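Below is one structure, written out as structure tokens; the observations come after it.
The values are calculated or read from the model by the stated rules, or taken from the named source; none is laboratory data. Here the structure is a predicted model, which means the values were calculated and not measured. Methodologically, a virtual Cβ is constructed for each residue, glycine included, from the backbone with ideal geometry; neighbour enumeration extends over all protein chains shown. For the accessible areas, the whole protein counts, side chains as well, though only heavy atoms, and no ligand, DNA or RNA atoms are used. Shrake-Rupley method; radii C 1.70, N 1.55, O 1.52, S 1.80 Å.
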Amino acid sequence: MTNILSPLAAVRTHSFVSALLHSHRFPPFSSETRLLKQHKPISCRPFWLNNRQSFSVFSKMDSVGASSPKEFPLGLDASLEEEYSSQSSLLQDFTSIPTIDKAWTFTSDGGSQGMFLMSQPNLLANKKRRYILPCHISKESTNAVSFQWAAFPIEMSNVSMMIPSPSGSKLLVVRNPENDSPTKFEIWGPSLVEKGFYVPASAHGSVYSDGWFEGISWNSDETLIAYVAEEPAPSKPTFTTFGYKKDNSTDKECGSWKGQGDWEEEWGETYAGKRQPALFIIDVNSGLVRPVEGIGKSLSVGQVVWAPSCEGLEQYLVFVGWPSDNRKLGIKYCYNRPCALYAVKAPFSKVEVHQSGTNAANDVSPIKLTQSISSAFFPRFSPDGKLLIFFSARSSVDSWAHSATDSLHKIDWSFSGKPTPDATIVDVVPIVMCPEDGCFPGLYCFSVLSRPWLSDGYTMILSSIWGSTQVIISVNVISGNISRISPGDSSFSWNMLALDGENIIAVCSSPIDVPAIKYGSLACKVSAETSWSWLDVSSPISRCSEKVTSLLSSRQFSNMRIPVRDISENLTKGACKPYEAIFVSSKIQSRNVCDPLIVVLHGGPHSVSLSSFSKSLAFLSSLGYSLLIVNYRGSLGFGEEAVQSLPGKIGSQDVNDVLAAIDHVIEKGLANPSKISVLGGSHGGFLTTHLIGQAPDKFAAAVARNPVCNLALMVGTSDIPDWCYAETFGEEGKTNFTEATSSEHLDAFYRKSPILHVSKVRTPTLFLLGAKDLRVPMSTGLQYARALKEKGGVEVKVIMFPEDTHALDRPQSDYESFLNIGVWFKKYCK
């Protein structure tokens, strides 16, 4: 989650940066290769031609004068290798564009200081390079703001998290270990590291920095930090050449080995090898670490915050708890896991010390604060400490859709003494079922600032999805009034990074515009009407190569509304409303000839493709393709009735929506029906493989990334078998669910699956699979690809990434994926 700082002296940001400079090196901005002086010339060749098979270069033989035939990497010939070389250079330019991850601001006498956390793929290391870019912010007038950027960024090597203290006078830096080494906590002051503590693996494992369980919170006097980390590794049996060894120890001994012990459930995709998230507190002065007691093994914890402190009263922590009495179903991207807010006494408190001999000290069980609602997360206290605000995904939990429309709620915290489980939960923003055209479609928030408040103390600033765009909104938590404060006439997507007093620092982008920083100010406020002005901010972050700039300037995009075809009487009003598609094309058509079209389909299915910048899609567009990015019904951002219209109808309603969107652009003369290809991942891959089977003459080429091809196979191997039931059976999925799938259910899964139509496929198809995918195990895509090969008459190519999970987002894997996608489409569509 993004964080925001409260007032800080002007010198502090520069001091933090100055101190960091002494322990971190500067990164190059774009080049992944450094040229060093050598006695002999170096022949540098791209890594993507090395990581599959050795490559022999033509060379003259000194003694014979003959030449050996040239060998090509597996899957390439001379023409394809030339295309690889050409496209890879352009893809490198797009890949090197940095991403803005977070921002913080520090107020000062002469304006504000800012720190921007950036990331950039390091292809050679196959990791993300993260760095800080500081700046000084001067608001010269209502219509002018100046950002003075540092000359160079500072690389943050091996840093997992950075969390400023409430006053901004301290900075917590967490460095997680890559093995069983200790976790390092560093407390930075204005110009130096004030303290450093090593927490051994016997205390806890890595600190969670995943964006979901993740939670780090300073207390108000900045002496204690609460955080979520992996619980200590359990003791395992020890064996020697004489058998089992009694008196087990955690030390490694010569002549012995550790057994496995009992297997423990994990939270699925991306959490393989991660132990249970547990709650800890570290004393900033002594480095002493204590677990928070009373939380049972059946509760996974996250998103911890300190409750407001009162003199003479016990200090409480508020956290989110996910119960897991039986199986832990996959939680990544799945908001349908029941969760609640809990309050628990914090160790180290003065009251705890005074009561150490009483029974009150033994009352450490957490108090469940949200008894009457099935989901509660992202807890935030109002600035005056009188309200506890939280989000809820109760619609997801109750319907089993993995993601749906959120709601916002509050609990009165203006009491003295112990929190109670019977507090009244008040709706602030209810679930929007069917929005009127152009009106607020409901809350869809995936992150919230740690301090999202304006100075009035009751206005929250949030980023939320609104149709095919992301917007910035304000929410009055007293009245429930909602205002869209990013420009209403903008088709770009806006994401809030930080608050700078009463001002907003945001990032704005589109499919053809790289991310740019914007500065929003409250221009006027008359009764209920508020007006915000937005200023452009010049920054090095927005810069890219001349080639990329030129190519993007030749493109255009629009958000299209696609009418629903074949409306039936049993559809809800929200399911009958038009859905949207983002269309990217060339500004100039030569002789009325349309560019080849790539249909792009998001996964989920309850997700959304936004009108924001995507490096990979911008790369494909720059190769000369039009893009049709379809947000079929069931996507987020259009109200709850639209979301809930899809479960039970996958493979038909979503397929028909995509075909209708394609016909829409063909009828408008924007696409050549003979040059259409399709690209999708996960559920988008489900649609891709359905489309080439149900409409076998429509597509010239297809690419499927970790596709769902056979639900009957997936249900027994995925970390989310409940997803198969919910999307196949709709409302009946929840009652039908069982781990022991019946033959009737297996038959229903098969009939919903793309493999049902595999015999009709004639489209050349590229499969990109992650061998460590727990969400859609590679077996389902591999089975479909083998079935196509067995059928014959269709060119099939499979690329397997042995270390990748569902997202295929490791830098080298992402790079090789889209390079192969570009070459594949060029082969069949240009």
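A few notes on this one:
- Among (1) within 26 Å of Arg451 (Cα to Cα); (2) modelled with pLDDT under 95; (3) touching a helix residue (DSSP H, G or I) at 6+ places or on another chain (Cβ under 6 Å) - the single one Ser309 does not satisfy: (3)
- Residues within the stretch 476-528 that are open to solvent by 40 Å² or more (accessible area, probe 1.4 Å), at pLDDT 95 or above and outside any loop (DSSP other than H, G, I, E, B), tallied: 4
- In the stretch 588-606, the residues that are within 32 Å of the chain's Cα centre (by Cα) and open to solvent by 40 Å² or more (accessible area, probe 1.4 Å): Asp595
- The set of residues in the stretch 79-103 being of a type outside the set (Val, Ile, Thr) and closer than 30 Å to His136 by Cα consists of Asp93, Phe94, Ser96, Pro98, Asp101, Lys102, Ala103.
- Leu76 closer than 30 Å to Gly624 by Cβ, free of Cβ contacts under 8 Å to residues at least 40 places away in the same chain and in contact with a helix residue (DSSP H, G or I) (Cβ under 7 Å, 6 or more places away or on another chain): yes
- Test result for Ala226, open to solvent by less than 50 Å² (accessible area, probe 1.4 Å), in contact with an Asp or Glu (Cβ under 8 Å, 6 or more places away or on another chain) and among the small types (Gly, Ala, Ser): no
- Summed over the stretch 296-310, residues that are more than 28 Å from the chain's Cα centre (by Cα) and closer than 19 Å to Ile225 by Cα total 3.
- Test: residue in the stretch 238-254 that is of a type in the set (D, E, K, R), part of a strand (DSSP E or B) and under 30 Å from Gly770 (Cβ atoms): no
- Qualifying residue in the stretch 652-659 (condition: polar (S, T, N, Q), open to solvent by 10 Å² or more (accessible area, probe 1.4 Å) and part of a loop (DSSP other than H, G, I, E, B)): yes
- Just one of the listed residues (Leu299, Leu313) is buried (at least 17 other Cβ atoms within 10 Å of the Cβ) and more than 17 Å from Asp210 (Cα to Cα), namely Leu299.
- Qualifying residue in the stretch 566-585 (condition: more than 23 Å from Phe825 (Cα to Cα), among the β-branched types (Val, Ile, Thr), crowded, with 24+ Cβ neighbours inside 10 Å and at pLDDT 95 or above): no
- Meets criteria (buried (at least 20 other Cβ atoms within 10 Å of the Cβ) and either in a helix (DSSP H, G or I) or out of contact with any strand residue (DSSP E or B) (no Cβ under 8 Å at 6 or more places or on another chain) (or both)) for Leu687: yes
- Hits in the stretch 626-644 (condition: open to solvent by less than 10 Å² (accessible area, probe 1.4 Å) and either closer than 20 Å to Asn570 by Cβ or in contact with a helix residue (DSSP H, G or I) (Cβ under 7 Å, 6 or more places away or on another chain) (or both)): Leu627, Leu628, Val630, Tyr632, Gly634, Leu636, Gly639, Glu640, Ala642, Val643
- Candidates Trp218, Trp212, Trp149 - the one that is more than 28 Å from Pro98 (Cβ to Cβ) and aromatic (Phe, Trp, Tyr): Trp218
- In the set Ser450, Ser407, Ser464, Ser468, only one residue is out of contact with any His (no Cβ under 9 Å at 6 or more places or on another chain) and open to solvent by 10 Å² or more (accessible area, probe 1.4 Å); that residue is Ser450.
- Some residue of the stretch 448-457 being closer than 30 Å to Met560 by Cβ, out of contact with any helix residue (DSSP H, G or I) (no Cβ under 8 Å at 6 or more places or on another chain) and at pLDDT 95 or above: no
- Residue count for the stretch 142-160, restricted to those that are surrounded by 14 or more Cβ atoms within 10 Å (Cβ to Cβ) and of a type in the set (Gly, Ala, Ser): 3
- Meets criteria (open to solvent by 10 Å² or more (accessible area, probe 1.4 Å) and small (Gly, Ala, Ser)) for Ser611: no
- With a requirement of 1 or more residues that are surrounded by fewer than 15 Cβ atoms within 10 Å (Cβ to Cβ), the strands (runs of 3 or more DSSP E) lying completely within the stretch 162-218 that satisfy it span 193-199.
- The number of residues in the stretch 663-679 that are open to solvent by less than 30 Å² (accessible area, probe 1.4 Å) and either among the acidic types (Asp, Glu) or out of contact with any Lys or Arg (no Cβ under 7 Å at 6 or more places or on another chain) (or both) comes to 5.
- Test: Leu746 is aliphatic (A, V, I, L, M) and either under 17 Å from Ser652 (Cα atoms) or without any contact (Cβ under 8 Å) to a residue 60 or more places away in the chain (or both): yes
- Condition broken by Gln260, with the remaining ones in (1) touching a residue at least 40 places away in the same chain (Cβ under 8 Å); (2) under 26 Å from Leu329 (Cβ atoms) satisfied: (1)
- Hits in the stretch 151-161 - residues which are within 26 Å of Ser450 (Cα to Cα), in a loop (DSSP other than H, G, I, E, B) and of a type in the set (A, V, I, L, M): Met156, Val159
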